[in-house]
Amino acid sequence: MLQPQYINIGEEQNVKLLVTGATGKLGTKVVEALLKTVPADQLVVSVRNPEKAEGLRARGVEVRQGDFDRPETLATAFKGIDRLLLISADGDNETRIRQHTNAVAAAQQAQVGFIAYTSLGNASESSIFLAPVHRATEEAIRNTGIAYSFLRNNWYLENETGSIQGVMAGAPWVTSAGSGKVGWAPRQDFAEAAAAVLAGNGHENTIYELSGTLHTQEEFAAALGGVLGKDVPVQQVDDETYADIMKGAGVPDFVIPILVAIQKGIRDGALEVESNDFEKLLGRPATPISEGLAQLVKELS
């Protein structure tokens, strides 16, 4: 089985690794994965609110202030960094493109040697509404001439938390995604893959399609039912009905079009990406969906 190859970071190398968004849901897990293989004093984190990273500072990690909306802070944050993990920001597409462009420009100004970026499954071809952000960012990174690795994350299992909680409370699995398939995997798998690339050898100018085994909505619901020990009915609806149901469930109005667009993207096959790249990076396939769901349900219970 393939094993991830890590940089042998020693005193003479003094390779500095930096993770942006290190206090976020993905960033936190990436940092923990890195700290298992990389000395704390070789690791730097860039966060908007440094006080949130005091726990990391106490463990010997260097904490720098970096705000994607304030490029001057990024130029300082990235100074002296050899390898950078740019974790995609939150927000609307226009905001994210602006923020990511700022970060890439700052990395170029700081003469960073390598950029790993958390992109989206099949970003260069995808019809899903999130894809333009990732296409623009990948292009900006390529245009710098800096060595890169694009980590095209398919879909976090945790993205389904709200719907899973609904099922646990007795609701059916509601979807307008039709027969479209998704390569779900737990956030932990994506974090470990990112850590392997950032601290590893031989990842220059690579693209990894990080996808779990592909499943339909019915297969997902069946796996969830197996974990919960009950039948989970699937309610396939059209987009308009899906939007109405989400509104009735208390989802904020501004979020509903986003959820509908995601369902449409899945229906159109945007996340139907078959790949063994997790195995290349982790030495194992993505966590089976039933195992990931069992862990998630345990956390939600």
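The values are calculated or read from the model by the stated rules, or taken from the named source; none is laboratory data. Please read all numbers here as calculations on a predicted model, not as lab measurements. Using ideal geometry, Cβ is built from the backbone for each residue, glycine included, and neighbour counts are taken over all protein chains shown.
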Of all residues in segment 117-149 being in a strand (DSSP E or B) and closer than 20 Å to Thr95 by Cα, which is farthest from the chain's Cα centre (by Cα)?
Tyr117
Give me the pairs: first residue in segment 197-215 and among the small types (Gly, Ala, Ser), second residue in a strand (DSSP E or B), beta-carbon distance under 6 Å, and six or more apart or on different chains, which are they?
Ala199/Tyr6; Gly200/Tyr6; Gly212/Trp184; Gly212/Ala185
Note: among Val44, Val31, Val38, just one is assigned to a loop (DSSP other than H, G, I, E, B), within 23 Å of the chain's Cα centre (by Cα) and at pLDDT 95 or above, namely Val38
Could you figure out which of (1) polar (S, T, N, Q); (2) assigned to a helix (DSSP H, G or I); (3) in contact with a strand residue (DSSP E or B) (Cβ under 6 Å, 6 or more places away or on another chain) isn't true of Gln235?
(2)
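Does any residue of segment 174-197 turn out to be more than 19 Å from the chain's Cα centre (by Cα), modelled with pLDDT of 95 or more and in a strand (DSSP E or B)? Walk me through how you get there before you give the answer.
The initial filter retains those residues of segment 174-197 that are more than 19 Å from the chain's Cα centre (by Cα), namely 174-180.
This time we only want the ones that are modelled with pLDDT of 95 or more, so: 174-180.
Okay, now just the ones that are also in a strand (DSSP E or B), so 174-175.
Yes, there is a match, as at least one residue in segment 174-197 is more than 19 Å from the chain's Cα centre (by Cα), modelled with pLDDT of 95 or more and in a strand (DSSP E or B).
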Answer with yes or no whether Gly225 is over 22 Å from the mean Cα position of the chain (by Cα), surrounded by fewer than 13 Cβ atoms within 10 Å (Cβ to Cβ) and not hydrophobic (A, V, I, L, M, F, W, C).
no
Residue count, segment 234-287, condition at pLDDT 95 or above and aromatic (Phe, Trp, Tyr), comes to 2
Would you check if there is a residue in segment 207-224 being part of a loop (DSSP other than H, G, I, E, B), under 30 Å from Leu34 (Cβ atoms) and in contact with a Lys or Arg (Cβ under 9 Å, 6 or more places away or on another chain)?
yes
Please specify each residue of segment 266-298 satisfying the condition of being part of a helix (DSSP H, G or I), of a type in the set (Gly, Ala, Ser) and surrounded by 21 or more Cβ atoms within 10 Å (Cβ to Cβ).
Gly292
Subset tally (residues that are over 22 Å from Gly121 (Cβ atoms) and of a type in the set (Asp, Glu)) for segment 67-96
4
Since Leu130 meets every condition but one in (1) surrounded by fewer than 16 Cβ atoms within 10 Å (Cβ to Cβ); (2) within 22 Å of Ser211 (Cα to Cα); (3) modelled with pLDDT under 95, which condition does it not meet?
(1)
Restricting the search to segment 90-111, which residues are at pLDDT below 95 and touching a Lys or Arg at 6+ places or on another chain (Cβ under 8 Å)?
Asp90
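Just a yes or no: is a residue in segment 216-227 among the aromatic types (Phe, Trp, Tyr) and touching a residue at least 60 places away in the same chain (Cβ under 8 Å)?
Yes, because at least one residue in segment 216-227 is among the aromatic types (Phe, Trp, Tyr) and touching a residue at least 60 places away in the same chain (Cβ under 8 Å).
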